[in-house]
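Heads up, the thing below is written out as structure tokens.
The values are calculated or read from the model by the stated rules, or taken from the named source; none is laboratory data. All of these numbers come straight from a predicted model, not from anything done at the bench. Glycine gets a Cβ as well: all are built from the backbone with ideal geometry, and neighbour counts include every protein chain shown. Surface accessibility is based on the protein's heavy atoms, side chains included, excluding ligands, DNA and RNA. Shrake-Rupley method; radii C 1.70, N 1.55, O 1.52, S 1.80 Å.
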Amino acid sequence: MIRDAVTFEVFRNAVTGIADEMAITIVRTAHSQIVASSMDFSAALCDIRGRVIAQANTCPVHLGSVPDAMAAMLAEFGDDLRPGDLYLLNDPSRGGMHLPDIFAVAPVFAGQDLLGFSVTVVNHADVGGWVAGSMGVQSTSIFAEGVQIPPSRLIDGGQLNTAFLNLILRNVREPELLRGDLDSQLAACHAGAEGMRALAARHGADGLAELTDELLDYSETLLRAALAEAVPGSYEFTDHIDDDGLGSGPIPFRVKVTLSGTGIELDFSGSSPQVASALNATASFTRSASYAAVQGALARDIPANSGFYRPFTFVIPEASILDGRRPSARGARGLVAYRIIDAVLGALAPVFPDRVPAAGDGGPDSVAVGVTDSDGNSVVLWDILCGAWGARPDRDGVDAISPLGANLANTPVEELERAGHIRIDGYGFLPDTGGAGRFRGGLATFRDMTVLAPEASVQIRSDRRKFLPYGLDGGAAGTPSLNIVDPGGPGERLLESKPYLVLTAGTRHRHVTAGGGGHGDPFTREPRRVLDDVREEKVTRAGAARDYGVVVTADGVLDHNATAALRAR
């Protein structure tokens with residue numbers, strides 16, 4: 001047991017601070033836009049058994065997969081760990097999630113005593129494969145997606161395995177970019193190791209282990225107490241991904257959440273079998289998304305670590321989209337996490353009605369643009385576009401923000417334009433796209449792009465075109481995502497939600513994210529709030545009358561009598 005509550009509280013905040021310091025190190029030293037600007041990475045500290053002690057305020061759907069990555073690494077090297085070592089992996093069948101997410105694991109020693117591990121996972125801009133960015137939805141085999149790294153030692157006792165690194169770099173489109181981001185992972189692992197050694201110097205190795213056990217027990221206790229507030233029983237929900245990008249769909253996600261008083265079971269039986277395209281996830285990724293959903297719903301200050309995971313049990317069908325078999329493609333599996341989160345929250349909405357929001361945009365959309373110069377050099381541009389949160393039980397949804405589970409940021413326009421291959425012509429919100437409700441869903445975000453390079457490949461991962469973000473408690477659904485070539489022009493055409501295409505210089509493309517669902521009866525929204533929405537151009541005058549029964553005059557004045565009459569009808 002720990003010596004006192006003050007020691008425990010200082011330790012609890014210290015380990016989280018170390019993990020956040022690791023994340024800050026990556027932000028400040030990473031080279032690619034998808035890492036440094038959009039922040040698609042994570043960091044964590046683990047104990048000598050591979051249990052997560054603390055995680056940074058980064059990408060939750062990465063972090064729940066850390067225990068599986070650690071188990072795979074320890075199975076390969078657990079009897080041969082040395083100071084100065086560093087290990088890599090990305091193979092989904094050996095502890096990874098999808099190939100762009102490369103784990104870097106550094107054992108932390110004080111002298112010859114192992115204290116734990118410093119872990120980072122970074123979504124690299126490209127790891128090879130047939131399409132720029134290595135996340136082609138149309139991939140039908142992992143062998144088409146890039147370089148596969150089983151648990152492997154990159155640094156051996158302080159000595160870099162140059163041949164291994166060169167093999168990786170030779171298989172990617174922007175080798176110096178990958179090298180730079182990998183160096184940022186190593187720097188973050190070093191920062192985490194220094195922090196862990198400082199804790200061991202203060203508390204001793206045995207004291208560090210005791211405090212770790214206490215912290216994990218603390219998280220478990222808090223989660224079980226929160227679950228005990230819910231009415232025991234089983235709650236079911238089904239949501240969908242529109243299609244697999246190859247013409248098949250819809251793809252169902254069914255979950256039965258059973259609360260037993262102090263534990264929680266998530267049974268995904270009846271969900272889709274694995275699909276032909278690259279949407280397939282790993283079981284670790286499915287669990288990770290589920291942890292994120294429950295933590296978001298509970299809205300409690302419960303440290304996210306391996307103790308938090310203990311009350312969970314899972315039923316995840318094998319050879320399903322939630323646990324694909326090798327050699328299924330995995331590159332676009334991110335959509336699965338966001339639909340899992342939506343499904344789990346949908347099931348929990350009756351249990352925690354004052355905490356669960358309506359569905360948001362369905363996950364950050366990505367537009368990967370690949371350009372090969374005349375000299376044979378390749379450039380990969382990642383446009384990460386976050387849309388909207390669904391309305392919450394007590395307030396409107398949020399616009400242009402990362403969904404629960406991601407913690408990403410919209411890619412800055414300047415980053416996209418810097419290479420001179422594309423131009424961003426428009427970027428903003430679209431009115432009347434937030435689902436109507438007592439509380440309105442967040443607005444859809446659009447981005448207009450013109451290709452300037454002679455030729456560019458474009459891979460788009462989006463969804464919620466057919467199965468719109470759901471509303472709750474009488475709130476309306478959100479609006480669909482869109483991909484349009486030559487918008488407003490003579491050649492205007494609507495694309496599917498997950499297309500791959502090659503565009504030539506001068507071609508314009510518009511991408512629109514889905515709008516968030518609404519919460520509560522729209523006709524109970526305060527007319528003054530609808531008027532504010534009209535004045536802020538979030539809702540049109542026609543939308544105010546149609547969706548809310550609120551009449552706003554042409555000069556921007558609320559017509560109370562006309563509103564009362566319209567709502568009465």
Being open to solvent by 30 Å² or more (accessible area, probe 1.4 Å) and under 19 Å from ASP40 (Cβ atoms) is the filter here, so list the residues in the range 390-409 that pass it. ALA400, ILE401, LEU404, ASN407
For the range 434-487, how many residues are within 15 Å of GLY390 (Cβ to Cβ) and either without any contact (Cβ under 8 Å) to a residue 40 or more places away in the chain or among the hydrophobic types (A, V, I, L, M, F, W, C) (or both)? 10
Would you please list the contacts, defined by Cβ atoms under 9 Å and residues six or more apart or on different chains, that run from a residue in the range 150-177 that is over 22 Å from MET70 (Cβ atoms) to a residue that is in a strand (DSSP E or B) and open to solvent by 50 Å² or more (accessible area, probe 1.4 Å)? ARG173/THR372
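Table: residues versus (1) on the phi < 0 side of the Ramachandran plot; (2) part of a strand (DSSP E or B); (3) touching a Gly at 6+ places or on another chain (Cβ under 9 Å).
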site: ALA201; (1), (2), (3): yes, no, no
site: GLY247; (1), (2), (3): no, no, no
site: ARG254; (1), (2), (3): yes, yes, yes
site: ALA297; (1), (2), (3): yes, no, no
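So if I check each of LEU501, LEU468, which one is in a strand (DSSP E or B) and open to solvent by 10 Å² or more (accessible area, probe 1.4 Å)?
Details: LEU468 fails: in a strand (DSSP E or B).
Just a single option satisfies the conditions, and that option is LEU501.
Answer yes or no as to whether LEU385 is modelled with pLDDT of 90 or more and open to solvent by 30 Å² or more (accessible area, probe 1.4 Å). Walk me through how you get there before you give the answer.
Numbers: modelled with pLDDT of 90 or more: yes; open to solvent by 30 Å² or more (accessible area, probe 1.4 Å): no.
Judged against the criteria, LEU385 is not a match.
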Is it fair to say GLY363 is modelled with pLDDT under 95, crowded, with 23+ Cβ neighbours inside 10 Å and part of a loop (DSSP other than H, G, I, E, B)? yes
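Results for (1) open to solvent by 10 Å² or more (accessible area, probe 1.4 Å); (2) more than 28 Å from ILE460 (Cβ to Cβ), shown as yes or no for each residue.
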site: ASP91; (1), (2): yes, no
site: PHE103; (1), (2): no, no
site: GLY111; (1), (2): yes, yes
site: PHE117; (1), (2): no, yes
site: VAL127; (1), (2): no, no
site: GLY133; (1), (2): no, no
site: ALA163; (1), (2): yes, yes
site: GLU174; (1), (2): yes, no
site: MET196; (1), (2): no, yes
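Listed residues GLY549, GLY515, GLY491, GLY474; which is under 17 Å from PHE446 (Cβ atoms), small (Gly, Ala, Ser) and either modelled with pLDDT of 95 or more or open to solvent by 20 Å² or more (accessible area, probe 1.4 Å) (or both)? Let's see the steps before the verdict.
Values: GLY549 fails: under 17 Å from PHE446 (Cβ atoms); GLY491 fails: under 17 Å from PHE446 (Cβ atoms); GLY474 fails: under 17 Å from PHE446 (Cβ atoms).
The unique qualifying residue is GLY515.
Residues are listed down the side, and each one gets a yes or a no for (1) out of contact with any Lys or Arg (no Cβ under 9 Å at 6 or more places or on another chain); (2) in a loop (DSSP other than H, G, I, E, B):
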{"position": "VAL380", "(1), (2)": "no, no"}
{"position": "ILE401", "(1), (2)": "yes, yes"}
{"position": "LEU408", "(1), (2)": "yes, yes"}
{"position": "GLU415", "(1), (2)": "yes, no"}
{"position": "ALA419", "(1), (2)": "yes, yes"}
{"position": "GLY428", "(1), (2)": "no, no"}
{"position": "PHE446", "(1), (2)": "no, no"}
{"position": "ALA456", "(1), (2)": "yes, no"}
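Kindly indicate whether ASP20 is of a type in the set (Asp, Glu), at negative phi and within 19 Å of the chain's Cα centre (by Cα). I'd like the intermediate steps shown before the answer.
Numbers: of a type in the set (Asp, Glu): yes; at negative phi: yes; within 19 Å of the chain's Cα centre (by Cα): yes.
Yes, satisfied.
Every residue, every condition in (1) in contact (Cβ under 8 Å) with a residue 40 or more places away in the chain; (2) open to solvent by less than 10 Å² (accessible area, probe 1.4 Å); (3) of a type in the set (Val, Ile, Thr), yes or no:
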| residue | (1), (2), (3) |
| --- | --- |
| GLY50 | yes, yes, no |
| GLN55 | yes, no, no |
| PRO60 | yes, no, no |
| GLY64 | yes, yes, no |
| ASP68 | yes, no, no |
| ALA71 | no, no, no |
| LEU74 | no, no, no |
| PRO83 | yes, no, no |
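Take the residues in the range 250-277 that are touching a His at 6+ places or on another chain (Cβ under 8 Å) and in contact (Cβ under 8 Å) with a residue 40 or more places away in the chain; name whichever of them is surrounded by the most Cβ atoms within 10 Å (Cβ to Cβ). Working first, answer last.
Of the residues in the range 250-277, the ones touching a His at 6+ places or on another chain (Cβ under 8 Å) are 250-253.
With the extra rule that they be in contact (Cβ under 8 Å) with a residue 40 or more places away in the chain, the set shrinks to 250-251, 253.
Details: PRO250: 14, ILE251: 23, PHE253: 26.
Only one residue tops the list, namely PHE253.
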Just to be sure I understand the filter: pairs with C-beta atoms under 9 Å, separated by 6 or more residues or on different chains, first member in the range 310-325 and in contact (Cβ under 8 Å) with a residue 12 or more places away in the chain and part of a loop (DSSP other than H, G, I, E, B), second member among the β-branched types (Val, Ile, Thr) and open to solvent by 40 Å² or more (accessible area, probe 1.4 Å). Which pairs pass? PRO311/THR262
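Go over the candidates ALA19, ALA75, ALA23 one by one and state the one that is at pLDDT 95 or above, assigned to a helix (DSSP H, G or I) and touching a Leu at 6+ places or on another chain (Cβ under 6 Å). Can you show your working first?
Values: ALA75 fails: touching a Leu at 6+ places or on another chain (Cβ under 6 Å); ALA23 fails: touching a Leu at 6+ places or on another chain (Cβ under 6 Å).
Step by step, each of ALA19, ALA75, ALA23 is checked, and only ALA19 is at pLDDT 95 or above, assigned to a helix (DSSP H, G or I) and touching a Leu at 6+ places or on another chain (Cβ under 6 Å).
Residues in the range 225-236: is at least one open to solvent by less than 40 Å² (accessible area, probe 1.4 Å) and not in a helix (DSSP H, G or I)?
Applying the first criterion (open to solvent by less than 40 Å² (accessible area, probe 1.4 Å)) to the range 225-236 yields 226-227, 230, 233.
With the extra rule that they be not in a helix (DSSP H, G or I), the set shrinks to 230, 233.
Within the range 225-236, one or more residues are open to solvent by less than 40 Å² (accessible area, probe 1.4 Å) and not in a helix (DSSP H, G or I).
Going by the structure shown, is ARG423 basic (Lys, Arg) and touching a residue at least 60 places away in the same chain (Cβ under 8 Å)? Write out each step before concluding.
Numbers: basic (Lys, Arg): yes; touching a residue at least 60 places away in the same chain (Cβ under 8 Å): no.
So ARG423 fails the test.
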Scanning the range 523-542 for residues that are open to solvent by less than 20 Å² (accessible area, probe 1.4 Å) and under 16 Å from ASP394 (Cα atoms) gives ARG525, VAL530
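Look through the range 26-48, keep the residues that are open to solvent by 40 Å² or more (accessible area, probe 1.4 Å) and more than 21 Å from ARG310 (Cα to Cα), and return whichever of them is modelled with the lowest pLDDT.
MET39
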Residue check for GLY133: out of contact with any Phe, Trp or Tyr (no Cβ under 8 Å at 6 or more places or on another chain) and small (Gly, Ala, Ser): no
